[in-house]
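The values are calculated or read from the model by the stated rules, or taken from the named source; none is laboratory data. Predicted model, so just to flag it, every value in this text is computed and none were measured. Quick reminder, even Gly has a Cβ in these numbers, built from the backbone with ideal geometry, and neighbours come from all protein chains shown.
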Amino acid sequence: MVRCKSSSRFLSIIKPTILTQTDTTVGFLSQNANKLFEIKSRDNSKPFIKVYCDFKTLLLHKHRIPQNQKTLVRRSKKTTFIIKNRAFRVSNNNLNSTLLDKLDWCYSTSANESGKKFDRKFCEEKVDMIIEDKNLLTEQSSSTLIKINNLKKRKLR
């Protein structure tokens, strides 16, 4: 585990894979989807959730949200949305990490092998860095999953 007060020394790592407590559960975060596929031994046809730091950044990345659903997306907490087979979530991450603050978006997935439970030893071997606070890393429930379009919304999980 790396402990450092400055994130500037990590700038040499291009698209790092991070193990951290997300707003829902322990997760892998990275802007490199291929590395996440490799870590999780996951089928490439199953995409990852894209997590944005705020609603404004989500809109800047060309996500078209139906007008009547914008308030729902903006005010949601711990909720993942699917629009036209693209999954995304707006996260208000409470970790005080300057490294995560610099990422506008990242792919997110639960920190485990596909179909298995969280194993810290497995995760530590696979990631470039670990970010945790005094509460450590704890497995919690996953986010609510809602599929939305212009007319309706449907809760999937």
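Residues of segment 19-29 that are in contact with a strand residue (DSSP E or B) (Cβ under 7 Å, 6 or more places away or on another chain) and crowded, with 21+ Cβ neighbours inside 10 Å: LEU19, THR20, THR22, GLY27, PHE28, LEU29. One residue stands out in segment 27-61 among those that are in contact with a helix residue (DSSP H, G or I) (Cβ under 7 Å, 6 or more places away or on another chain) and without any contact (Cβ under 8 Å) to a residue 40 or more places away in the chain: the one that is nearest to ARG74 (Cα to Cα), namely PHE55. Residues LYS50, LYS35: which one is assigned to a helix (DSSP H, G or I) and either modelled with pLDDT of 90 or more or surrounded by 18 or more Cβ atoms within 10 Å (Cβ to Cβ) (or both)? Criteria check complete, one pass: LYS35.
If the condition is being closer than 16 Å to ASN112 by Cβ, at pLDDT 85 or above and out of contact with any Asp or Glu (no Cβ under 6 Å at 6 or more places or on another chain), then segment 10-32 contributes ILE18, LEU19, THR20, GLY27, PHE28, LEU29, SER30. Against the numbered list (1) loosely packed, with under 15 Cβ neighbours inside 10 Å; (2) more than 18 Å from THR24 (Cβ to Cβ), LYS117 comes up short only at (2).
Within segment 63-86, identify whether any single residue is more than 18 Å from the chain's Cα centre (by Cα) and surrounded by 16 or more Cβ atoms within 10 Å (Cβ to Cβ), and answer yes or no. There is at least one residue in segment 63-86 that is more than 18 Å from the chain's Cα centre (by Cα) and surrounded by 16 or more Cβ atoms within 10 Å (Cβ to Cβ).
You will find that of SER97, SER141, SER110, the residue that is at pLDDT below 85 and in contact with a strand residue (DSSP E or B) (Cβ under 6 Å, 6 or more places away or on another chain) is SER97 and no other. Restricting attention to segment 62-79, which residues are basic (Lys, Arg) and without any contact (Cβ under 8 Å) to a residue 60 or more places away in the chain? Passing the criteria: LYS62, ARG64, LYS70, ARG74, ARG75, LYS77.
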